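The values are calculated or read from the model by the stated rules, or taken from the named source; none is laboratory data. These figures come from a predicted structure and were not determined experimentally. Cβ placement follows ideal geometry from the backbone for every residue including glycine, while neighbour counts extend to all protein chains displayed. Only protein heavy atoms, including side chains, enter the accessible area calculation; ligands, DNA and RNA are left aside. Shrake-Rupley method; radii C 1.70, N 1.55, O 1.52, S 1.80 Å.
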Amino acid sequence: MSRQYETVIGLEVHVELATKTKIFCSCSTQFGGAPNTHTCPVCTGMPGSLPVLNKQVVEYAVAVGLATNCKITQNCKFDRKNYFYPDNPQNYQISQLYYPICRNGEIEIETEAGKKTVGIHEIHMEEDAGKLIHDEWEDCSLVDFNRSGVPLIEIVSEPDMRSSEEVIAYLDKLRLIIQYLGASDCKLQEGSMRADVNLSIREVGQKEFGTRTEMKNLNSFKAIKRAIEGERERQIDLLEEGKKVIQETRRWDDNKECSYAMRSKEDAQDYRYFPEPDLVPIVISDEWLNEIKEKQPELRAEKIARYKKEYDIPDYDIDIITGSKKLADIFEATIAICKKPKKVSNWLMVETMRLLKDHNMEAQDISFSPQNLAKLIELTEAGTINSSVAKEVFEVIFKEDIDPDQYVEEKGLKSVNDEGALRTTIEEIVAANPQSVEDYRNGKQKAIGFLVGQTMKAMQGKADPGMINKILKELL
């Protein structure tokens, strides 16, 4: 390959909003219901049914727009996007084309190459379609309309990204912003955050964009990265062979690590957009906009700055904890109870992260309460249980969120704090292990570790190793 190419990438990110009901009806948005049980005449497109806008959808959309530095369109409306797919019961989608609710925003990302600003062309509200389920055994396709009418925002970036690393940084930043706002859980594996990748290539130094393709509904960061790299190479190979890139929609097959054409890429005129006749325009008053602004929570950048000022914990811990809204919430709630930020940080950074990895879980899947973590820290700090027992108890808290006070009492796990009884046991251990005593006195420091272990075994793990070590050194 003699010529050098530059990749140009823009994203369309679909985010399912965290409302309890759908955008235009009162059906549940809960994930995982039996097929076609969260439906009604409105979301299944029955003739004569009329949509009614969910106010919370507007507020979430505005909140995301404010957090991404967008200009809010205070007078906006919905439009009909006409197309036929089997999972689209109305044969049209209610969306926004002419007056999207948010426009002209930007967010700053950071990669190994440095910081960069990615523009946001617009954010618009729309309804989701249903879901097609392909049954290979019966050689047919089934439709589940539970997702039909679930509220979406579509975040359309400018074509400002030049690599898969920048794309992942942008998506990660966007996901954190939305999670901190509480507007969506952004679970890619459940489809509540999905990305369409628009990608073209051009020779380095060329001003005009190349012909772009769109890859639809990618729902993991790994798949997105592989799809970008694969499509980039495919387009370069075409140009090197003297062929043209065709503007089309493609589907990425992550198992085969290749994409294939689905259909020619539609333009806006192909959808025959026109104003939605069944919904009135949306007017966002200054008062309503100010109310939403006042409700905006502390986002990650602000939280990082505050943690550095208020808590004596390493910057690395701060980056990891604030990298998940769930971890940050647990951290702050636990500190509010036990007032020990470093201890809380240690439990989250070591044992919690270990158990998340062991169980292949995300931080947002944590189910234990700050109250029980705080109780465990208090038990450990008071010497009621030793560190080994504390780790054992925490594993049960992590899985079942048990009350550590009650669990320690029921299982008889309290440490033996009677120094007289402990000293007697240690004296017996010392007398039974003269060689270890001699080794220690001859400068072999590891020998004392053996004596500590023997004492812990004799005490059935219910003694404080620090106290054992102290008594041993006094005796030796």
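Brief remarks follow.
- Available extension along the chain between Asn75 and Ala458 is 130.3 nm, counting 0.36 nm per residue and deducting the alpha carbon span.
- For the chain: accessible area per residue (Å², 1.4 Å): 51
- Within the chain, helix-based [θ] at 222 nm, where runs of 4 or more DSSP H residues each add -39,500 (n - 2.57), nearest 500: -12000 deg cm²/dmol
- Here P(r) over Cα pairs in 20 Å bins from 0, in percent was calculated from the structure, and among (i) 19, 42, 25, 12, 2; (ii) 23, 50, 23, 4, 0; (iii) 23, 56, 20, 0 it sits at label (i).
- Nearest 10 degrees, 0 to 90: helix 300-310 Cα axis against the chain principal axis: 30
- Counted residue by residue at 0.36 nm each, then reduced by the alpha carbon distance between them, the extension gain from Lys256 to Asn36 reaches 76.0 nm.
- Taking other residues whose beta carbon is less than 12 angstrom from the beta carbon of Tyr440, and scoring Lys, Arg as +1 and Asp, Glu as -1, yields +2.
- The portion of the accessible surface of the chain made up by carbon and sulfur, rounded to a whole percent, is 49 (1.4 Å probe; DNA, RNA and ligands excluded).
- The mean sequence distance of close C-alpha pairs (under 8 Å, at least 6 residues apart), as a share of the length of the chain, puts its relative contact order at 13 percent.
- Fully extended contour minus Cα-Cα distance, from Leu476 to Glu136, at 0.36 nm per residue: 114.9 nm
- The trypsin sites (Lys or Arg not before Pro) found in region 123-190 that occupy coil by DSSP, while having at most 15 further C-beta atoms within 10 Å, are Arg162.
- In degrees, nearest ten, helix 387-400 long axis to first principal axis of the chain (Cα): 30
- Principal-axis tilt of helix 55-67 within the chain, Cα atoms, nearest 10 degrees: 70
- Applying 1/(1 + (r/R0)^6) with r as the Cβ-Cβ distance of Lys357 and Glu381 and R0 = 35 angstrom yields a FRET efficiency of 0.85.
- Taking all protein chains as they are arranged and a probe of 1.4 Å, the heavy atoms of Ile107 leave approximately 10 Å² accessible to solvent.
- The distance from the alpha carbon centre of region 369-406 to that of region 220-255 is 51 Å, rounded to a whole number.
- Cα-based shape type of region 139-274, given that a ≥ b ≥ c are square roots of the gyration tensor eigenvalues and the cut on a/c is 1.5: prolate
- Trypsin sites (Lys or Arg not before Pro) within region 5-107, DSSP loop, no more than 16 other Cβ atoms inside 10 Å: Lys20
- For region 259-328 and region 104-182, distance of Cα centres in Å: 11
- Across all C-alpha atoms in region 5-287, the radius of gyration and Dmax reach 19.1, 59 Å.
- Looking at region 273-354, the GluC sites (Glu not before Pro) that sit in a DSSP loop and have at most 16 other Cβ atoms within 10 Å of their own Cβ are Glu298.
- Taken along the Cα-to-beta-carbon direction at a fixed 7 Å, the label points for Glu112 and Asp365 span 2.9 nm.
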